[in-house]
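Note sheet for the following structure.
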Amino acid sequence: PNVLEGIREGVQRTTRIVRDLRTFSRLDRAEISEVSLSEGLDCTLNLLRGRLREIEVVREFTELRPVACYAGQLNQVFMNLITNAADAVDSLGVAGRIVVRTGSSGENRVFIEVEHNGRGIDPELRDKIFDPFFSTKTSRKGAGLGLAISQSIVERHGGRLTLESEPGKHTRARVEIPLQLAPSA
């Protein structure tokens, strides 16, 4: 019975991972589709569960209308921002906290924020943070492409990606996009 229960739990876990990977990558939806941002964020957080094991993760999701977007690309932005937050929190060596929130920013726009209590970004580096191949991490931790790619994806969606940071206190990445993506984007 114990072996069978272990097998059953393993199959359920594998099924959940496969489902989350399909939702995350949206391989079946390479075109614009209406999706739930909360669902994409939940899948991203589930896929990063092992990476976030020692970090307090707070979800502050507002009920939003579905967003017309390239879902797989937007999920990649979420992955980059949450991974960056986890790396920044880990660099402190203290209890880390990441807050992921969604909300409405006007009649036809929504936002996604990823905020953390990690080390932050030094003011003299803020102008370079979106440059390709620029990274505040060691060369073994990142190639410096995550924020540059994320910015490009968000702009393709008619939105903006901004970073606000107070070293030693918090850093907040904010994605703001329209509810409807123009088909020519």
Inset, instruction - Hey, can you find the accessible area per residue of the stretch 44-114 for me, probe 1.4 Å, expressed in square angstrom? - result: 45
Legend entry - Bins of 5 Å from zero: percent of alpha-carbon pairs in the stretch 145-185: 6, 22, 25, 18, 15, 7, 4, 2, 0
Legend entry - Sequence of Asp87, Asp122, Asp127 from largest to smallest accessible area, 1.4 Å probe: Asp127, Asp122, Asp87
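The values are calculated or read from the model by the stated rules, or taken from the named source; none is laboratory data. The shown structure was predicted, so the numbers you read here are calculated from the model rather than taken from an experiment. In case anyone asks, the SASA skips ligands and DNA or RNA and just uses the protein heavy atoms, side chains included. Shrake-Rupley method; radii C 1.70, N 1.55, O 1.52, S 1.80 Å.
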